[in-house]
Each structure stands twice: as C-alpha cells, then as structure tokens.
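The values are calculated or read from the model by the stated rules, or taken from the named source; none is laboratory data. No experiment lies behind these values; they were computed from the predicted model shown. Note that each Cβ is placed from the backbone with ideal geometry, even for glycine, and that neighbours are counted across all protein chains shown. Just the protein is used for accessible areas: all its heavy atoms, side chains included, with ligands, DNA and RNA removed. Shrake-Rupley method; radii C 1.70, N 1.55, O 1.52, S 1.80 Å.
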Amino acid sequence: ISKATVSVLYCSFQATTEIMRQALRRVPADKLYVSEPDPSWFGNGRNPEKWEAEGWSASNWLKSRFHFEFAEYRDNNRQQFGSLRVMNDDLVQPDRGFGTHPHRDMEIITYVVHGELTHKDSMGTAESLGRGSVQYMTAGTGVSHSEYNSGGSPLRFIQSWIVPRQRGLKPNYGSVTQSGPIPEGWKHYGSSTSNPAKTPFKINQEVDMHTAILHKESSLDLPPNSQSYVLCVEGGGVINGEKVAQYDGMELFTDRLHVVPNKEGIHLLSFTMPQGVGVQ
C-alpha cells in the first residue's frame with residue numbers, strides 16, 4: 001500500500017472517529033448525583049434521633065447514583081433522555097430495602113447486577129431474582145411494591161423508568177431469570193409492543209433494552225435515527241471512540257454501537273429509542 005493510500009485511510013478513520021464523538025456525550029461517574037436518603041422517603045420508618053448510631057445510612061442501607069432528576073436531586077439539564085425518565089444505580093446493604101410504596105403511569109425495569117432482589121407487589125407477586133435477571137412492571141393505573149435485600153451480601157441493581165405512550169394502562173408484572181453466569185454477547189431483553197421482534201418482554205413505548213457482556217470487539221446495529229443511553233455497569237473500554245469506565249453513562253445519537261472492551265471486559269446496559277421520542 002502506498003503512503004498516499006495509507007494517508008487517505010488514516011484521514012478517513014480520523015474523520016469517522018470525530019463524527020462518532022460529535023454524536024455522543026459521556027456522563028462520567030464523578031458527575032452523577034450520589035444520594036444517601038432518609039429511609040422514610042421510600043416506604044420505611046423514619047430514622048431515630050440518634051440515627052448515627054442506630055439508624056439507616058449509606059453504610060448500612062442505601063447508596064444511589066442518579067443519572068437523572070429523582071427524589072432530592074434537581075437539575076434542569078438532567079431531567080430525562082427521550083422517554084427514559086429515571087436510571088438509578090442502587091447499592092442496598094443486607095437486610096435493608098425499599099418498603100411498600102406506590103407507582104403509576106410508568107414502565108419500570110430493574111436489572112440485577114449482583115446479590116438477590118426480593119420483590120413483592122399488590123398484584124400478588126413475590127419472588128427473588130439474582131445476577132443478570134430482569135423484572136419489568138407496568139405501573140399503569142396504580143401498583144404498590146417493595147424491594148428488599150434479604151441476602152447476606154450487598155445487592156446492586158439498576159432501576160430505570162420509561163414514560164409510557166399512554167396513561168391508565170392495566171398494571172402488569174413479569175421477570176426474566178438468569179441462572180448461572182451471564183452469557184457472552186448482546187442480549188435483546190425488551191422491545192416495544194408495536195415491534196414484531198421476539199423479546200422476553202414488551203415495553204409500552206418505542207424503546208429497546210439491551211445488555212452485553214463483552215471480552216472482544218463487538219458492534220450492535222440499531223434502527224436509523226436512533227438515540228441510546230448506555231450505562232457501563234462493570235469493567236470498561238471504548239464505545240464509539242470514547243473511553244468509559246464503571247458507572248459512566250453515555251448519550252449517543254447513532255444507529256450503531258461499536259465497543260472495544262478493556263482486558264477485564266465490559267458489562268453494558270442500554271436503552272434505545274427513535275430520536276425525538278419523549279420529552280428531551
């Protein structure tokens with residue numbers, strides 16, 4: 001290959017990389033809001049006056065990383081991404097959790113990273129889910145539920161809320177359990193009720209949910225004019241030319257996710273939707 005050809009190829013690569021970078025924005029972990037809330041906000045009793053010694057705290061209850069406005073966190077620039085209204089990265093200590101509390105008119109999807117999540121709701125569901133499992137719930141006209149760590153080790157899960165295409169839907173709950181190690185590669189878990197794709201569950205909005213465990217370079221093709229919010233759950237690497245590490249989020253406006261994992265691999269969670277769906 002001539003020097004001129006090499007130069008053209010290099011310039012083309014640089015231009016492609018620059019276009020990819022212009023179509024994304026990394027949300028670094030150290031810019032996320034970290035919440036250590038009062039337990040009474042989430043269906044539990046209030047802390048006693050001597051809460052430092054006797055009450056629930058970040059060290060013995062909950063530490064949450066909020067990607068968008070939630071609870072006490074207010075930021076006009078981080079209200080939501082398309083129809084993705086909430087993404088909370090929660091770490092719950094043993095024998096702690098969220099007491100019974102209500103929801104309505106929201107699609108709620110929870111992905112278990114490690115530990116065991118015990119769920120109970122007003123529809124009569126009661127089950128425990130482990131690493132790699134997903135629970136999905138249409139809150140619709142109203143549902144109450146609790147989420148608890150009944151195990152002996154910390155529980156980490158990602159809870160995401162999606163604004164449905166209409167209000168007043170019939171409440172519904174389901175789950176996808178994962179037994180054994182999470183398989184290598186991409187997994188298409190959820191798709192819109194209007195999408196003919198066969199996925200484990202359906203979402204009442206134009207949204208696709210994917211997860212991935214990757215140890216080698218890989219790409220995921222998406223519909224034209226898509227936007228995706230991607231969370232680096234574990235590990236790290238490069239996504240569309242941008243370095244990411246554990247807990248980082250990324251906003252992308254592209255029809256292709258290209259991932260180069262680092263030596264330890266990368267674990268991803270993504271929500272993809274048409275550009276313009278939901279309030280920007």
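Points to keep in mind about this one:
- Cα centroid of segment 98-156 to Cα centroid of segment 208-265, whole Å: 26 Å
- Debye-formula intensities of segment 160-225, expressed as log10 I(q)/I(0) at q = 0.20, 0.23, 0.24 Å⁻¹, are -0.97, -1.17, -1.22 (one equal scatterer per alpha-carbon, no solvent).
- 27 Å Cα-Cα threshold exceeded, pairs from 31/202; 202/263; 31/263; 187/263: 31/202; 202/263
- Applying the criteria of a DSSP loop state and at most 15 other Cβ atoms within 10 Å to the GluC sites (Glu not before Pro) of segment 151-219 yields 184, 217.
- Cross-link reach list, aspartates and glutamates versus residue 120, counting only Cα pairs under 13 Å and skipping chain neighbours closer than eight places: 147
- Calculated P(r) tail over 23 Å for segment 176-280, as whole % of Cα pairs: 26 percent
- A simple packing score, the average count of other Cβ atoms within 10 Å per residue, orders the peptides 125-133, 192-200, 228-236 as 228-236, 125-133, 192-200, with the highest score first.
- Taking 18 Å as the straight-line reach from the Cα of residue 243, the aspartates and glutamates in range (excluding those fewer than 8 positions away in the same chain) are 18, 30, 217, 234, 251, 264.
- Simple spin-label estimate for residue 243 and residue 221 in nanometres, 7 Å along Cα-Cβ: 3.2 nm
- Where GluC sites (Glu not before Pro) fall in DSSP loop in segment 71-119, at most 14 other Cβ within 10 Å: 72
- For segment 140-237: relative contact order, % (alpha-carbon pairs under 8 angstrom, 6 or more apart): 22 percent
- Accessible area of segment 178-266 divided out per residue, in Å², using a probe of 1.4 angstrom: 45 Å²
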